[in-house]
1. What number of residues within the stretch 222-241 satisfy the criterion of being in contact with a helix residue (DSSP H, G or I) (Cβ under 9 Å, 6 or more places away or on another chain), over 17 Å from PHE50 (Cβ atoms) and not small (Gly, Ala, Ser)?
2. Which of the residues belonging to the stretch 242-256 are farther than 16 Å from GLY55 by Cβ and within 21 Å of the chain's Cα centre (by Cα)?
3. Just need a number here: residues in the stretch 226-263 that are charged (D, E, K, R) and at pLDDT below 90.
4. Quick check on my filter: what residues within the stretch 115-140 are under 25 Å from the mean Cα position of the chain (by Cα), part of a helix (DSSP H, G or I) and either basic (Lys, Arg) or under 11 Å from VAL158 (Cα atoms) (or both)?
5. Output the number of residues of the stretch 194-225 satisfying the condition of being among the aliphatic types (A, V, I, L, M), over 12 Å from the mean Cα position of the chain (by Cα) and either crowded, with 24+ Cβ neighbours inside 10 Å or in a loop (DSSP other than H, G, I, E, B) (or both).
6. Name the residues in the stretch 93-116 that are touching a helix residue (DSSP H, G or I) at 6+ places or on another chain (Cβ under 6 Å) and free of Cβ contacts under 8 Å to residues at least 40 places away in the same chain, would you?
7. Suppose we filter the stretch 226-246 for residues that are surrounded by fewer than 24 Cβ atoms within 10 Å (Cβ to Cβ) and within 24 Å of TYR75 (Cα to Cα); how many remain?
8. Looking only at the stretch 141-167, how many residues end up being part of a loop (DSSP other than H, G, I, E, B) and either surrounded by 19 or more Cβ atoms within 10 Å (Cβ to Cβ) or touching an Asp or Glu at 6+ places or on another chain (Cβ under 6 Å) (or both)?
Amino acid sequence: MPAAAAKLRLAETVKEADLVIDGVTMRFETREGAVTAVDDMSFSVERGEFVSIIGPSGCGKSTVFNILGGLVRGYEGKVNVGGDLISGPHPSIGMVFQEESTFPWRTVLDNVAFPLEVKGVRKAERHEKARHFIDMVGLNGFEQRYPAELSGGMRQRVAIARTLVFEPKILLMDEPFAALDEQTRLLLGDKVLKIQEELKQTTLLITHNITEAVQLSDRVIIMTFRPGKVKRIVDIRLPRPRTGDVVGSEAFGRHVAEIWNDLREEASRGMAESEAGARRRKA
C-alpha cells in the first residue's frame, strides 16, 4: 500500500483504531546540526491487530517506538492511544525492550510480580496473577529460578510476562528477540502469537527480521531510510495459526521476497549515503 493510500486509510479507521500516529516528525540536535529521524509518519493499528514496523538500520524505528511509549517528547504531529491524545506514558501501553531486563536478584515469580508489587497489590494476589502469566509464556515450573539459571530466550519470556501481568491493552515490542538464535526466535514468535490471540491485544512490533515480521503480522509497515517515512504497508494474507506448513509455504516466501525488495532498496540507499559521508570526512 503506497504512503498516500495509507494516509487515506488512516483517516477512515481512526475511530476504530487503538493506536494512531498522525503526521509525526521528530528532529534531534547533533554536533553536525539538526537531524530529522522521522518525517511526517502516519499509520494506525486497529484493535486486536498485530502490526510490525521494519526498515533499514538508522531509519527511526526505535524513535517511533519511544514516541508511542511516551518516552520521547518534542515531536510534531499527534499520537492517539485508545481515543486519548497522549504526551507521555499511557496506562494502556505495555513495553518490551530489546535488552533483556530481568532483575538478577529476584526469582522468576518475583520478577513477574514486580509491577503489581509497585502498585501495592497484596503478595498472595500478585503471586497468583504472576503464576498465571508465567504459565502463559511457558515457564511453569521455573517460578523459583533466578535469571542466571535461565537461557536468553527464557529470560526474555520473563520480561514479556512481567509486561503482561498488568494487562495492558496495547503491547509495544522493540526487537525483543534480536539477541536470540533463529530457532529460538521462531519458537518464541509462536508463543507471542498464541498469547496475543488469547488476550486479544493490539500489538506493534519493531523488528529488522523479515521472516519474523511475516510470521507474526497482519500488516507490515516498511520504512524508508532516514528520515524515516512510511514507504509502503503490506497486508500479510496468510491463514492463522501460522503453523510450520504456513511458514514453509510458497505464499510466505513471496511475502518475504516482496518486503525484501523494498528493504534492500532503502538499505542500499543508506549504505551509499554512509560511504559518501565517509569519503567526505577523509577528503
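1. 8
2. ARG242, VAL247, PHE252, HIS255
3. Number of matching residues: 4.
4. LYS129, ALA130, ARG131, PHE133, ILE134, ASP135, MET136
5. 3
6. If the condition is that a residue be touching a helix residue (DSSP H, G or I) at 6+ places or on another chain (Cβ under 6 Å) and free of Cβ contacts under 8 Å to residues at least 40 places away in the same chain, then LEU109 is the only one that fits.
7. Residues meeting the conditions: 6.
8. Here the count works out to 1.
The values are calculated or read from the model by the stated rules, or taken from the named source; none is laboratory data. Everything numeric in this text was worked out from a predicted model, so none of it was measured. Cβ coordinates were reconstructed from backbone atoms using ideal geometry, including for glycine residues, and neighbour counts include every protein chain displayed.
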